[in-house]
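Take a look at the structure below.
Throughout, read-outs are computed from the coordinates displayed, never taken from laboratory work. The structure displayed is predicted, hence computed values, not measured ones. Because the Cβ atoms are built from the backbone with ideal geometry, glycine has one as well, and the counts that use them run over all protein chains shown.
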């Protein structure tokens, strides 16, 4: 796996303040941030870097049982509780074209949203009596998984009665606290533990991501091995060999010296595009504080060349781009040399689709570089557990370091609380009456500018 | 259908320069832009506003035949040639929960990317001998649809021979020019026409979107009727009743007076979220020029409350948000009142999932407003053809007006050409050797900063 970042440097771009010297001169700040993070790790305040060393037996044992007993598996969770599993499912579980087909296991579904159509459709795709529901919420109080949990429990109870229903559920939650943990204690639900020092968006390598992965038949040991190897690379105190340092330094310098306030991640392989959703959550929720932070944007190549590249090339110069490239696709396809007399068709013949998509990446990155738009390209030899485990770890470390450089706490999310309180108020939750009134007042101000479009129906 | 925009005004936000007076004072600029657009329409330089009046018979006749003859339908097109059909498919074609189930018709697939796995999987999901391939490219030279066309043609030829293969294809392209049109003339492929004065991203209401829609069984007359009604609203020279003017003025004023360089569209209904992809292409490719333009961002509620809202609330104050809300979902589901003794569960019981998701929208918009983040909410009574037709037309007009206000041409896309030329060069297309050398030089500069991560495999 490698990162090419020459087109994020002034030399490669022919312009800009982010020179090789600026990058090397950033060493003291990186050392300082690294020391801060390692101290957090040593004091066990921050736990994600220790996940490669966890005991996998409870995860593997429970997953094995679920694979044996059930035809369907529904993950109920949102944000950090679902995105990691979604990445692993999309990237790795794609028979018949994946060399790593994981044998027969339950069908896999994610219920993240409280979209009534999505929930209804998901429940209709499964047979409750043959389904394991896995409810993931560290706090045990997030509205969306709690609502979907209640809906699923009712469906299960109708199908098999309450006692069996409870045995078809697995909770993944805090070891001590919260509603779900209380239910484990009171009613005997099965549960796996999220380490208290691992936050939701840093939890993909905890049971939150590993248990669903193991249910899918994905080799979670290899995931952790990739993460461990990456962790070792990220301990090197040398920017020429530390991938987290390169990502951190280039994003931070381009943000502060060149006003690149938007970080685009553009994946040139559709099954890897969900990784950009995961990155988008990690980057936004960790760093968007006190007016700081870049806005992460997901893009998919080559599709978004026909949607966003005009803007990236000629719009405001506010973007830095990370391309994700795959060298060897699980399958490939030759473009036949039909119509050799037509110039717009002839040149395609004989190439593979994989060559075409990767050549488009090179052409696009080069055109952007000509205009001074910085980019780096992460190349995976192929998409497998090791590479994904490594990517997760590298980006988690880079995000933590960015937070320290910005001078904010990358591990909290105070900015989502007020919306929750106002929603509680509007939903009539006890103790939130005042918030409900406040929300109604604000929401009604929204209707003071209003316009109706008459569609004649 | 209505737009509430009180929370995009200084009164509602308690701060900012975008006051009711500023909005009303913007009238002369809007008049000027509207006159410019109407002159373009009268001179037939710009055709999208005339699409509601087109003759539908070639579309309906061909679609009827495809529905009768084929079991599978594969749309080959990218960007403006596929996004509109994708919106219509996602939003409207969702049996069994759509009141408008469109009867039996062929299965529907979109081949936009040249991702080798996606193309391979799509071709394996269909039987070539029972499949209609619809190739959409105005120029007839876009690399991705041309490559997928060649791959599909080969698969068809193997299955049924070249003569039948040609009869299983429908082209949608320019009436006179380009490779696809030449093939129509030379080899008798069937074709529908894209009016020369309708650009790709403004073409959803032309055969580009209507033909696939009609194949799906969607009522395209109702789509056009909605677009027509919206067109009439958008001719009103009064900001209190012209939806395009409201969208244009609020985005332009927030961009220029309040530095809102990012326009988020956040849909609180998953099947409507593709509309944000369509918007994202329209806004970016039309307006991202000469350093101008906002970066459009797609978001999905309530999911992205757990991903992006921290950033929107407490990050840089560079965003204006458009929420899409649906009043009546095709299906809904009551959350059962289990666990009334648990405060984090009790308040949910008895509400529907639809109530919860819409209440979360209100809570989120209110929390954002408290921090001065402007938003507007577009509410659809339900998701149907008329509402989608109206949304398409309103946003196309708003985009054109924005372009004129920025002083750029919203109908061209010069910034995508260089990337194409460099790609041609790298692919060995005749006449592009120099470009190929240039791209190789730039691309190799990218490798001057490089780092390998050893994963021990």
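Computed values, structure above
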quantity: Approximate spin-label separation residue A:440-residue B:238, in nm, with each point projected 7 Å along Cα-to-Cβ; calculated: 3.2 nm
quantity: Between the stretch B:35-70 and the stretch A:1-80, the alpha-carbon center distance in angstrom; calculated: 50 Å
quantity: Label-zone membership for the stretch A:179-209, site residue A:412, 7 angstrom Cα→C-beta point, backbone N under 17 Å; calculated: A:197-201
quantity: Average partner coverage of A:425-437, which counts Cβ from other chains inside 10 Å; calculated: 3
quantity: Rounded if a/c under 1.5, otherwise prolate or oblate - the stretch B:230-384, Cα gyration tensor axes; calculated: prolate
quantity: Ordering of A:206-213, B:250-257, B:235-242, B:43-50 by packing [mean C-beta count within 10 Å, highest first]; calculated: A:206-213, B:250-257, B:43-50, B:235-242
quantity: Packing-based order for A:183-189, A:417-423, B:433-439, using average beta carbon neighbours within 10 Å, highest first; calculated: A:417-423, B:433-439, A:183-189
quantity: Partner chain coverage, peptide B:148-161 - average Cβ within 10 angstrom; calculated: 3
quantity: Which of A:443, A:93, B:278 has the fewest Cβ neighbours within 10 Å, and the rest in rising order; calculated: A:93, A:443, B:278
quantity: Stretchable slack from residue B:41 to residue B:167, in nm (0.36 nm times residue separation minus alpha-carbon distance); calculated: 41.7 nm
quantity: For chain B, calculated [θ]222 nm from helices alone, where every DSSP H run of n ≥ 4 adds -39500 (n - 2.57); calculated: -15000 deg cm²/dmol
quantity: Centroid-to-centroid separation of the stretch B:379-457 and the stretch A:355-427 [C-alpha atoms, Å]; calculated: 20 Å
quantity: Per-residue mean of C-beta atoms belonging to partner chains within 10 Å, peptide A:283-296; calculated: 5
quantity: Taking B:231, B:153, A:223 and counting other C-beta atoms within 10 Å, the order from fewest to most; calculated: B:153, B:231, A:223
quantity: Sorted by Cβ density within 10 Å, fewest first, the residues A:447, B:430; calculated: B:430, A:447
quantity: Global form of the protein assembly as shown, assessed from the alpha-carbon gyration tensor, a/c cut-off 1.5; calculated: rounded
quantity: The stretch B:124-186 and the stretch B:303-343: distance between their alpha carbon centers, rounded to Å; calculated: 43 Å
quantity: Estimated FRET transfer efficiency (residue B:107, residue A:452; beta-carbon r; R0 51 Å; 0.05); calculated: 0.85
quantity: Value of relative contact order over chain B, rounded to a whole percent, pairs C-alpha under 8 Å and six or more apart; calculated: 20 percent
quantity: Shape of chain B, Cα gyration tensor, a/c cut at 1.5; calculated: rounded
quantity: Residue B:346 versus residue A:124: modelled label distance in nm, points set 7 Å from Cα along the beta carbon direction; calculated: 3.5 nm
